[in-house]
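Comments concern the structure below.
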Amino acid sequence: MSALQPVRGTHDLLPDEARRHRAIEAAAFACAGRAGFGEIATPIFEFTEVFARTLGETSDVVTKEMYSFTDRSGDSITLRPEGTAGVARAFLSGGLAQHLPLKLFYRGPMFRHERPQKGRLRQFHQIGVELLGVDNPLGDVEVLALAWRILSDLGLGAKVRLEINTLGDAPSRAAYRETLLAFLSGHIDQLSQESRQRMERNPLRVLDSKDEGDKRVVANAPLIHDSLTPEARDFFAAVTNGLEALGIPFEVNPRLVRGLDYYSHTAFEFTTTALGAQGTVLAGGRYDGLIGMMGGPPTPGIGWAAGVERLAMLIDEPPMPPRPVAVVPMGDGLLGLKIAESLRAAGVSVDMAFSGNLKKRMARAAKLNARFAVLLGEEELARGHVSLRDLDAATQTEVPLDGLVERLAQAE
RNA sequence: GCGGGAGUAGCUCAGUUGGUUAGAGCGCCAGAUUGUGAUUCUGGAUGUCGCCGGUUCAAUUCCGGUCUCUCGCCCCA
């Protein structure tokens, strides 16, 4: 293991890639802001308890994927594997129950000790939203509409598919669990080893097994929809009706389940076929029980998170940086920098190379996609002028140095 | 965590049936042109052949281990 290598599953965001990430986060936050979501930034680590309690003691995330360590005070600390638990904790420790309903947007790095693959990293980035204090299915619809708006704005509307399901309320889920377990027990000899384990830990997971034998069994399994209480059924109908009313395309997938314990009612995923086994690009659901589970007042919540790296892989061209003006000194570099600074002060993007002859500097200007070059030739300067070259039109005029800033600030 | 594939220059890759200075294209730097973006021409730099060990007179090449990436599984954004 070389000390100069990044830790397994981590990577550097070089400028092109960083720009892509920033564009995604900016587009998402712009959409979220228009819908009334404000940004929240919680710490990237919490006491281990925060995640262990909320994610479920037996979930994979808790049992094998957490980056946990003991700090110098002897406390067990964990790098956050997802965003919702930290937001819920902030909600409680910040006394935010006074401000319900709350619309929150977050972004930042998450950490999971998994085996890396394309689209799966140990440090990755998510954007996400949480809507707290709303038990109305309209909340689900609005949060889904926001996700759809963001993906559409990123140009991914045609590349993703929304699948949605309901996990029911607590009574529905308990009843369904019994029904499903009874059914699976009758076919246990046809189930894969993994699914037999799933029956003990999280029976719903058997439903979305990729094993062919499991799929045959599951095809005839009872569905949660038949175990729903009238309330849960109405709730789900209100969500799907809302999506239809807003013209958001979706498909009900009765076998869609969620890994984390805190979900109830609505569960959904936006998936793509373009990323191999890591096809989920944005996912979330309702978690009415979470805050109560953490010891707070019963507070409904719904939200989602999206993987920025996965979104970035679906976006073809990174957005272009703003086109600069290239300042090209021929003699005194300091004069060039002075002019560059006055242009920058006026809001113009300016680049000036530190070395190179005129030809090199012009080539560099072209490479930077500069719009104009300001050439500081001694002859013009002697007359108080500079040459202003339009690099698109390949034309050049002499302009007084005095009016240069105004002229270029206007051209922007 | 389990199973498969890969690793040679900044990038894409060739190559060595084990043998002296390891190559191409693109890119980069410099010059031809001490005042102009393309093309062309000339010159140049960059590799511990992923890492460690073994076999051998000799290993980038063969063997073992390891690391990283990658595909699938588990799971997930």
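Tabulated results
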read-out	value
Selected residue (criterion: farthest from RNA strand B (Cβ to nearest atom)) from residues of region A:193-211 that are outside any helix (DSSP H, G or I) and under 20 Å from A:Ser59 (Cβ atoms)	A:Asn202
Test: residue in region A:130-151 that is closer than 30 Å to A:Val7 by Cβ, crowded, with 20+ Cβ neighbours inside 10 Å, in the same structural domain as A:Asp60 (by TED's automatic domain parsing) and touching a strand residue (DSSP E or B) at 6+ places or on another chain (Cβ under 6 Å)	yes
Residue count, region A:278-316 (criterion: within 16 Å of RNA strand B (Cβ to nearest atom), open to solvent by 10 Å² or more (accessible area, probe 1.4 Å) and not in a loop (DSSP other than H, G, I, E, B))	7
Hits in region A:398-412 (condition: of a type in the set (Gly, Ala, Ser) and under 10 Å from A:Val348 (Cβ atoms))	A:Ala409, A:Ala411
Within region A:362-389, tally of residues that are in a helix (DSSP H, G or I) and farther than 9 Å from A:Val327 by Cα	10
Verdict on A:Ser73 being away from RNA strand B (no atom under 16 Å from the Cβ), open to solvent by 50 Å² or more (accessible area, probe 1.4 Å) and among the small types (Gly, Ala, Ser)	yes
Residues satisfying the stated conditions in region A:216-225, i.e. within 20 Å of A:Thr166 (Cα to Cα) and surrounded by fewer than 20 Cβ atoms within 10 Å (Cβ to Cβ)	A:Ala219, A:Asn220, A:Ala221, A:Pro222, A:Leu223, A:His225
Where A:Pro116 falls short, out of the listed (1) within 12 Å of RNA strand B (Cβ to nearest atom); (2) open to solvent by less than 40 Å² (accessible area, probe 1.4 Å); (3) touching a strand residue (DSSP E or B) at 6+ places or on another chain (Cβ under 8 Å); (4) not hydroxyl-bearing (Ser, Thr, Tyr)	(3)
Flag for A:Met330 being modelled with pLDDT under 95 and either among the aromatic types (Phe, Trp, Tyr) or touching an Asp or Glu at 6+ places or on another chain (Cβ under 7 Å) (or both)	yes
Complete set of residues in region A:336-351 that are within 16 Å of RNA strand B (Cβ to nearest atom) and touching a residue at least 60 places away in the same chain (Cβ under 8 Å)	A:Ile339
Candidates A:Val257, A:Val239, filtered to the one that is of a type in the set (Val, Ile, Thr) and at pLDDT below 95	A:Val257
Sole residue being outside the structural domain of A:Ala382 (by TED's automatic domain parsing), within 16 Å of RNA strand B (Cβ to nearest atom) and open to solvent by 50 Å² or more (accessible area, probe 1.4 Å), chosen from A:Met330, A:Met320	A:Met320
Region A:339-351: number of residues that are assigned to a helix (DSSP H, G or I) and buried (at least 18 other Cβ atoms within 10 Å of the Cβ)	3
The listed residue being touching a residue at least 24 places away in the same chain (Cβ under 8 Å), over 18 Å from A:Leu311 (Cβ atoms) and in a helix (DSSP H, G or I), out of A:Leu131, A:Leu144, A:Leu138, A:Leu151	A:Leu138
Enumeration of residues in region A:16-47 that are surrounded by 14 or more Cβ atoms within 10 Å (Cβ to Cβ), in a helix (DSSP H, G or I) and aliphatic (A, V, I, L, M)	A:Ala23, A:Ile24, A:Ala27, A:Ala28, A:Ala32
Flag for A:Ala90 being part of a helix (DSSP H, G or I), in contact with a strand residue (DSSP E or B) (Cβ under 7 Å, 6 or more places away or on another chain) and either more than 16 Å from RNA strand B (Cβ to nearest atom) or within 15 Å of A:Ala283 (Cα to Cα) (or both)	no
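Every residue, every condition in (1) more than 10 Å from RNA strand B (Cβ to nearest atom); (2) surrounded by fewer than 16 Cβ atoms within 10 Å (Cβ to Cβ); (3) at negative phi, yes or no:
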site	(1), (2), (3)
A:Leu334	yes, yes, yes
A:Ala353	no, no, yes
A:Gly356	no, yes, no
A:Arg371	no, no, yes
A:Gly377	no, no, yes
A:Leu381	no, no, yes
A:Asp390	no, yes, yes
A:Ala394	no, yes, no
A:Ala411	yes, yes, yes
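The values are calculated or read from the model by the stated rules, or taken from the named source; none is laboratory data. Everything quoted here is computed from the prediction, not taken from an experiment. Virtual Cβ from ideal backbone geometry, glycine too; neighbours counted across all protein chains shown. SASA here: full protein model, heavy atoms, side chains in, ligands and nucleic acids out. Shrake-Rupley method; radii C 1.70, N 1.55, O 1.52, S 1.80 Å.
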